[in-house]
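Encoded as structure tokens, the structure appears first; notes follow it.
Rule-based calculations on the coordinates, nothing more; no lab input. Since the structure is predicted, the reported quantities are computational estimates derived from the model, not experimental observations. So basically every Cβ, Gly included, is an ideal-geometry build from the backbone, and we count neighbours across all protein chains shown.
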Amino acid sequence: MNRLTWRWVPATIVIGLFASLSSGCIATGGGYGYDGNVGLGLGYYEPAGVVYGGWGGGYRVAPFRGGDHRAGPSGGHAYRSAPASRSAPSIPSRSRGGNSRGGDSRSH
Amino acid sequence: MQSQRRPNLIGCLATRSLLVALLSVASAGLAAGAASPLPPLVDPASQEHHVGKVVFVELVTPDLAAAKQFYGGLFGWTFRDIRSGNTEYAAASLDGRAVAGLIHKEFSTGEHHQPAWLTVIAVRDVDSTRDLAVQHGAKVLFAPRSVPDRGREAVLADPQGAVFAVLTSTSGDPPDVLAAPGEWIWSSLITRDPDADAAFYQTLFDYEVFDLPAVEGAQHLLLATDNYARASANSWPASNPTVHPHWLNYVRVEDADESAKKAVALGGRILVEPRVDRHGGKIAVIADPAGAAFGLLEWSDTQSKEVTQ
């Protein structure tokens, strides 16, 4: 009985080590702050170098209220530009439980 | 007789103790690695899907308690703590709706990283999106995986290095309604080459791309799906060309000036002072106490009540 019990010790060590190590194995993204220890959610630290400043008066990032845009010439951009006939949409304007006004300030 | 049996008894006890210890280590390891249920994105679940919409954001922070105090004080968020193994997660909500996830993770000052909010964009199929992204120059930072009650998700870096996540939510996507104050309302990709990045994200999410008027030498591209603006792709400020490409997310506030002051009082820093942006929307950029950047956007709910400069 005693000898049988001792036979289980090495097997248990192997199983325990395997379980412990395998539980920490996830895909990693070198240089992006993933170290595989998060377990919940997506553990992410951004690469250093995000610096703010220099937002001059003409620098714009906010949503549009709808209206004209500059439809580029065909082939002038890496992306496919929306046609000039389309007006640029805005963010949703319907409140929860309210009526939808759609995302485009113009009716089509 | 007794002296012969005593070593056996001690050996047996030692063996049992060792077995218990090993099983504890193994089960602790499994518990730490197992995915615990996170709150669903939408509760009750919906059948809505809005590919290309920013549907969630997650923050990794070295001081979870400080982050909860900061964001709770600034936006009125409340938190539900979830613990799995060694990981602490705080599910943030506003009026019962999930607004964010906060994850604690140790951070050493020697690392060339900084805390950040991770932008999560809705897709129909995470795995095929990953494949498509890789074909067009993206890197996989976190391979697709399924999270109980949340969905399937992956983290990618676009060809210029901006990091984002994609998610197929099992509870559907949040509805297209105007964000309430304290909820996320807008996202901007600030990047070296908006033209190329817009093409990349258009490939992934089938965005309509609108080129908006911008100052000389800058680009302001609007990315839209379902006839709604989802985000912008901006060139970074010409006077600050060293910035790392990144996504910046904005919380809607009623008064950007007051919120910025409050953020400072709570331990944050103002990175960009409140300023009037396009169509009267007022913008500020804030760093939380750990340095994670986010935006404030003062946005009126009717076009006739635009903020004036």
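Seen from B:T191, the other residues with C-beta closer than 11 Å to its C-beta sum to a net charge of -3, counting Lys and Arg as +1 and Asp and Glu as -1. Between A:A84 and B:R83, the distance separating the two model label sites (each 7 Å from Cα on the Cα→Cβ line) works out to 6.4 nm.
Under the classification rounded if a/c is under 1.5, otherwise prolate if a/b is larger than b/c and oblate if not, where does segment B:216-281 fall, given a ≥ b ≥ c as square roots of the Cα gyration tensor eigenvalues? Here segment B:216-281 falls in the oblate category.
A simple packing score, the average count of other Cβ atoms within 10 Å per residue, orders the peptides B:132-141, B:224-233 as B:224-233, B:132-141, with the highest score first. Below 8 Å between Cα atoms, with a sequence gap of 6+, how large is the relative contact order for segment B:54-305 in percent? About 17 percent, as a whole number.
Quick note on segment B:54-305: its Rg to Rh ratio, both from C-alpha atoms and Rh being the Kirkwood radius, is 0.93. Residues with beta-carbon under 9 Å from that of B:P144, excluding B:P144: net charge, scoring Lys, Arg +1 and Asp, Glu -1? That works out to +1. In segment B:109-195, inverting the average of 1/r over every pair of distinct C-alpha atoms gives 14.6 Å as the Kirkwood radius.
Among the listed pairs B:K262/B:K282; B:K53/B:K262; B:K105/B:K262; B:K105/B:K139, those whose Cα-Cα separation exceeds 19 Å are B:K53/B:K262; B:K105/B:K262; B:K105/B:K139. In a fully extended conformation the segment linking B:A45 and B:D149 would gain 36.4 nm over its present Cα-Cα distance, using 0.36 nm per residue. The charge dipole of segment B:54-305, taken about its Cα centre with unit charges on the Cβ atoms of Lys, Arg (+1), Asp and Glu (-1) only, comes to about 480 debye. Is the C-alpha gyration tensor of segment B:155-309 telling us rounded, prolate or oblate? Criteria: a/c under 1.5 is rounded; beyond that, a/b larger than b/c is prolate, otherwise oblate. In terms of gyration-tensor shape, rounded.
If I stretch the segment between B:Q69 and B:D206 completely, what's the gain in nm (0.36 nm per residue apart, minus their alpha carbon distance), one decimal?
The span from B:Q69 to B:D206 would gain 45.5 nm if fully extended.
Descending by average beta-carbon neighbour count within 10 Å, the peptides B:175-185, B:196-206 line up as B:196-206, B:175-185, the highest first. One Cα centroid belongs to segment B:93-157, the other to segment B:186-211; the line between them spans 18 Å.
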